[in-house]
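Here the structure is laid out as structure tokens; the discussion comes afterwards.
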Amino acid sequence: MYPKKQLAQLVISACEYFNIDTVVVSPGSRNAPLTVGFSNHPKIKNLSIVDERCAAFFATGIAQQTQKPVAIVCTSGSALLNYYPAIAEAFYSKIPLLVISADRPKHLIDIGDGQTIRQENVFKNHILFSANLIEGESFLEKNTDLVSKAIQTSINKKGPVHINVPFNEPLYDTVESLASFNFKIKEENTVAKKENQSIDNLAKIWNNAKRKLILVGVCFPSDELQDLINKVSQDDSVLVMTETTSNLHNPRFINSIDKLISKLTSEEFEKLQPEVLLTFGGMVISKRVKQFLRKYSPKHHWHVDEVTKLDTYFSMSEFVEEKPVTFLTKLNKRKISIKSDYQPKWIKEKESRIVKHNEFLKSASYSDFKVFESVLEFIPENSHVQISNSSIIRYAQLFDLKKSLKVFCNRGTSGIDGSTSTAIGAASVTENQTVFITGDLSFFYDSNALWNVNIPKNFRIILLNNSGGGIFKIIPGPKTTNALPYFETPHTLTAEHLAKMFNFEYQSANTINEVEKELSSFYMDSKQSKILEIFTPSNLNDVVLQQYFKSL
């Protein structure tokens with residue numbers, strides 16, 4: 001059975017033609033032609049998620065792992081608006097997402113008809129392309145071109161696109177087969193781009209500089225990228241700073257930036273100031289490194305990316321529009337290692353900070369920080385680690401993670417709203433053990449994520465419950481006001497009853513001994529997914545973290 005509606009047939013056929021093989025559908029009536037068609041298509045996997053916000057983040061998690069577009073389908077009205085947080089995340093994280101919304105025809109908009117809003121171009125500030133289709137045989141060629149362009153844009157430019165499909169009633173009429181459509185694979189329009197300086201000129205600048213800093217943000221795991229940056233770092237004049245989300249590891253890298261630079265003097269910052277700053281990857285978490293590079297600007301800042309120009313440090317001198325692996329391959333062929341104390345000095349400083357880090361942990365009070373040590377230690381090798389935002393990702397930045405772990409986080413918009421849904425989406429398409437580490441506000445905010453039949457049995461949630469938004473005690477400002485309860489939003493919630501309702505095994509811990517005891521069996525095979533809720537002292541977590549930075 002396929003929908004009789006031509007536009008529904010067009011969209012479904014286009015998805016098949018361009019190899020969109022996964023569709024996440026949320027229930028509704030106006031999208032019935034799409035739902036019927038996708039659910040009956042033999043080459044397209046159809047998944048059902050009730051909550052549209054969760055559905056969109058779930059699809060984002062799948063696309064994050066597969067690196068190909070996933071379609072989401074909803075009915076008309078406010079249903080569509082619930083997609084927006086995930087669309088913004090996909091836009092800034094460069095994750096391909098195909099948003100397909102059913103709509104009322106134009107003559108029913110703004111006349112008082114039910115479940116009707118202005119859907120055309122509703123995501124215009126955070127979308128790569130919007131295709132607003134029109135019912136009618138005379139518009140078939142135009143509609144076909146719009147759908148083709150939308151899907152190809154999502155594939156080629158790695159981001160969200162929106163196809164808005166109006167349907168008149170009746171909605172449930174069916175036929176036995178899909179019609180044929182003439183889809184065209186179009187070459188991307190070649191827009192005249194500013195010519196980058198030749199690689200030879202950049203290499204000359206590079207080889208003459210004695211202080212070169214490479215700063216890497218969010219990156220999808222890549223052995224090729226790892227090998228290339230390893231080669232670049234075999235030069236004492238090159239210092240590489242990576243974040244947990246970069247998925248890059250090397251003893252010569254500064255992998256815990258805040259641990260290194262948090263207590264530097266002005267004189268030390270001047271010695272760290274690079275002549276050349278090379279950046280690539282997505283958003284950088286460390287606020288301290290942003291402040292440092294904005295105050296102590298490099299003479300040259302080159303940002304390398306196929307699509308996005310990020311002048312995060314207000315000093316960009318060159319935007320290199322190509323893949324980092326392409327640029328680093330060229331640079332490696334031309335680089336000349338020079339004598340410098342730049343890398344050795346800061347690696348030695350890194351090693352001294354590690355000693356102080358370990359000394360502090362030995363006597364640290366039970367807290368989020370202390371718990372993180374045990375949580376990271378027990379994660380099985382080769383796991384995929386999904387981390388929520390706010391304080392959780394910041395704690396992760398302070399520790400050395402196992403090299404075999406692959407780390408992911410919604411850093412495009414840095415929101416707490418869909419971290420659980422994204423993690424579940426990612427877990428649903430990988431055979432690796434997936435571990436999601438989250439704070440309490442993020443977890444409860446996205447609790448509908450657990451309303452999902454696609455959660456694998458080996459999915460694990462570690463929930464640090466400190467009874468409120470702990471980040472607002474850590475960052476400067478909120479505690480100086482009389483409005484802290486409205487920032488922190490204290491609560492007495494626990495995940496125990498949610499776990500029972502959504503068929504998760506539930507474990508809890510209140511001391512470090514209990515934490516380690518529960519973790520020792522947490523990853524064993526089970527018939528259900530599991531939640532380990534670790535309760536930590538709200539009034540002590542920020543104090544311990546402050547003591548930690550002082551100890552450095």
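The values are calculated or read from the model by the stated rules, or taken from the named source; none is laboratory data. None of the values given here were measured: they were computed from a predicted structure. Quick reminder, even Gly has a Cβ in these numbers, built from the backbone with ideal geometry, and neighbours come from all protein chains shown.
At a glance:
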item	result
Selected residue (criterion: surrounded by the fewest Cβ atoms within 10 Å (Cβ to Cβ)) from residues of the stretch 93-110 that are touching a residue at least 24 places away in the same chain (Cβ under 8 Å) and more than 23 Å from the chain's Cα centre (by Cα)	K106
Single unsatisfied condition, R30 versus (1) assigned to a loop (DSSP other than H, G, I, E, B); (2) among the charged types (D, E, K, R); (3) farther than 27 Å from G114 by Cα	(3)
Tally, over the stretch 107-127, of residues that are part of a helix (DSSP H, G or I) and either touching a strand residue (DSSP E or B) at 6+ places or on another chain (Cβ under 7 Å) or at pLDDT 95 or above (or both)	3
Residues being loosely packed, with under 14 Cβ neighbours inside 10 Å, not in a helix (DSSP H, G or I) and not β-branched (V, I, T) - total across the stretch 323-357	3
Any hit, the stretch 305-315, residues being farther than 21 Å from V232 by Cα, without any contact (Cβ under 8 Å) to a residue 60 or more places away in the chain, in contact with a Pro (Cβ under 8 Å, 6 or more places away or on another chain) and aromatic (F, W, Y)	yes
Enumeration of residues in the stretch 133-166 that are closer than 19 Å to T75 by Cβ and either modelled with pLDDT under 95 or among the polar types (S, T, N, Q) (or both)	E135, N164
The stretch 353-398: number of residues that are of a type in the set (D, E) and not assigned by TED's automatic domain parsing to the domain that holds Q546	1
Tabulated pairs, the stretch 491-510, first not assigned by TED's automatic domain parsing to the domain that holds E533, second among the hydrophobic types (A, V, I, L, M, F, W, C) and surrounded by fewer than 18 Cβ atoms within 10 Å (Cβ to Cβ), C-beta under 6 angstrom, 6+ apart or interchain	none
Which numbered condition Q507 fails, given (1) under 25 Å from S428 (Cβ atoms); (2) in a loop (DSSP other than H, G, I, E, B)	(2)
Residue that is farthest from T60 (Cα to Cα), among those in the stretch 417-441 that are over 11 Å from the mean Cα position of the chain (by Cα) and of a type in the set (A, V, I, L, M)	L441
Residue that is surrounded by the most Cβ atoms within 10 Å (Cβ to Cβ) [pool: residues in the stretch 39-74 that are touching a residue at least 60 places away in the same chain (Cβ under 8 Å) and among the basic types (K, R)]	R53
Selection status of S467, on the phi < 0 side of the Ramachandran plot, of a type outside the set (A, V, I, L, M, F, W, C) and in contact (Cβ under 8 Å) with a residue 40 or more places away in the chain	no
Meets criteria (at pLDDT 95 or above, assigned by TED's automatic domain parsing to the domain that holds N168, under 24 Å from I455 (Cβ atoms) and surrounded by 16 or more Cβ atoms within 10 Å (Cβ to Cβ)) for V36	no
Count of residues meeting criterion [closer than 15 Å to C409 by Cβ, of a type in the set (S, T, N, Q) and either without any contact (Cβ under 8 Å) to a residue 60 or more places away in the chain or part of a loop (DSSP other than H, G, I, E, B) (or both)] in the stretch 216-245	1
Lone qualifier among S130, S101 - being part of a strand (DSSP E or B), at pLDDT 95 or above, under 19 Å from F58 (Cα atoms) and in contact with a His (Cβ under 9 Å, 6 or more places away or on another chain)	S101
Any chance I87 is at pLDDT 95 or above, over 18 Å from E169 (Cα atoms), among the β-branched types (V, I, T) and in a loop (DSSP other than H, G, I, E, B)	no
Selection status of K350, within 26 Å of C409 (Cβ to Cβ), outside the structural domain of Y395 (by TED's automatic domain parsing) and either among the basic types (K, R) or free of Cβ contacts under 8 Å to residues at least 40 places away in the same chain (or both)	yes
Residue match in the stretch 484-506 (condition: of a type in the set (A, V, I, L, M, F, W, C), closer than 20 Å to A423 by Cα and under 22 Å from the mean Cα position of the chain (by Cα))	no
Any chance E270 is surrounded by fewer than 19 Cβ atoms within 10 Å (Cβ to Cβ), touching a residue at least 40 places away in the same chain (Cβ under 8 Å), among the acidic types (D, E) and in the same structural domain as R211 (by TED's automatic domain parsing)	no
Residues satisfying the stated conditions in the stretch 290-322, i.e. more than 20 Å from the chain's Cα centre (by Cα), farther than 19 Å from L202 by Cα and not in a loop (DSSP other than H, G, I, E, B)	Q291, F292, L293, R294, K295
Residue satisfying all of: in the stretch 173-215; basic (K, R) and at pLDDT below 95; farthest from R411 (Cα to Cα) among these	K184
Any hit, the stretch 21-43, residues being among the β-branched types (V, I, T) and more than 25 Å from V175 (Cβ to Cβ)	no
Check on F314, hydrophobic (A, V, I, L, M, F, W, C) and not assigned by TED's automatic domain parsing to the domain that holds H249	no
